[in-house]
Amino acid sequence: MTVWDRPEPPTRPVPLDRERIVAAAVALADEGGLEAVSLRKVAARLDAGPMRLYGYISTKEELFDLMVDAVQAEILPEIPPRTGEEEQPADWREALRVLAHRTRHTVLRHEWLADLLGGRPTLGPNGLAVAEATLSALDGLADVDTVMRAVETVAAYYTGAIRREVANLRAERATGLSEHEWQRASGPHLTRMLATGRFPALTRAVHDATHIDPETTFTTGLAWVLDAVAAKLPPPPGGSPS
């Protein structure tokens, strides 16, 4: 039985429910990461005894599942819904693009979510709704196996890209150096290494590549992935793939 299937116990003496417990856990994680979350700390924030929480949540893993599902609600609002039982979304690319960008923005608000992306999907209502919105964007455009591979490919891209962006943000905080400051500090060593002539491709990249901001990088890469997915979808009747 999953945590979503178990009934909640009575709320006496301190009013409690899973929603309040999860909100407190999310607040702790937003402040200090997943390492700041424990049932004891959540209970302290709610002025409740730690043992009371076990009536609502059995393990920390269940608490993490509930936290992920809670913040997944932030991904949902702008995903274009299907408007009828037999209708397809006007633009499947836009549906997946919105999903990817809203996932990125949600993770940037809740950085701890990056540590839990890409694992087994949660089975809560918001997680299932995100999965439904994602699959329905492509439903009927190809066979179900092609749809699944397309969705997995897009998710693999944005999961990796988001995790890398968060890792860079954490490195900046840990070192106290912005990316530009870190590059300047590392410059003498890198210059010596490039001068050996052993890294010609890297040398060209360092000297000639255009620096772009994380959002532009994310948007460009996502567009390339969606182009690749479009090339694998059957063309619509009388036209080319969207």
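The values are calculated or read from the model by the stated rules, or taken from the named source; none is laboratory data. All values derive from a computational prediction rather than experimental measurement. Don't worry about glycine lacking a Cβ; one is built from the backbone with ideal geometry, like all the others, and counts go over all protein chains shown.
When the criteria are applied in full, Thr146 fails the requirement of being among the polar types (S, T, N, Q), surrounded by 19 or more Cβ atoms within 10 Å (Cβ to Cβ), farther than 21 Å from Thr219 by Cα and touching a residue at least 12 places away in the same chain (Cβ under 8 Å). In the set (1) in contact (Cβ under 8 Å) with a residue 60 or more places away in the chain; (2) farther than 21 Å from Val3 by Cα; (3) surrounded by fewer than 18 Cβ atoms within 10 Å (Cβ to Cβ), His105 fails one condition alone, (1).
Is one or more of the residues making up the range 11-33 surrounded by fewer than 13 Cβ atoms within 10 Å (Cβ to Cβ), in contact (Cβ under 8 Å) with a residue 24 or more places away in the chain, among the hydrophobic types (A, V, I, L, M, F, W, C) and part of a loop (DSSP other than H, G, I, E, B)? Yes. The lone criterion from (1) basic (Lys, Arg); (2) part of a helix (DSSP H, G or I); (3) out of contact with any Leu (no Cβ under 9 Å at 6 or more places or on another chain) left unmet by Arg198 is number (2).
Go through the range 35-47 and give me each residue that's surrounded by 18 or more Cβ atoms within 10 Å (Cβ to Cβ) and either in contact with a Leu (Cβ under 6 Å, 6 or more places away or on another chain) or in contact (Cβ under 8 Å) with a residue 60 or more places away in the chain (or both). Residues satisfying the conditions are Val37, Leu39, Ala43.
Could you say whether any residue in the range 210-220 is among the hydrophobic types (A, V, I, L, M, F, W, C), assigned by TED's automatic domain parsing to the domain that holds Ala114, surrounded by 10 or more Cβ atoms within 10 Å (Cβ to Cβ) and touching a residue at least 40 places away in the same chain (Cβ under 8 Å)? Step through it out loud before you land on a result.
Within the range 210-220, the first condition is being among the hydrophobic types (A, V, I, L, M, F, W, C), and the residues that meet it are 212, 218.
Narrowing the set further to residues that are assigned by TED's automatic domain parsing to the domain that holds Ala114 leaves 212, 218.
Cutting the leftovers down to surrounded by 10 or more Cβ atoms within 10 Å (Cβ to Cβ) gives us 212, 218.
Checking which are touching a residue at least 40 places away in the same chain (Cβ under 8 Å) leaves us with 218.
Scanning the range 210-220 turns up at least one residue that is among the hydrophobic types (A, V, I, L, M, F, W, C), assigned by TED's automatic domain parsing to the domain that holds Ala114, surrounded by 10 or more Cβ atoms within 10 Å (Cβ to Cβ) and touching a residue at least 40 places away in the same chain (Cβ under 8 Å).
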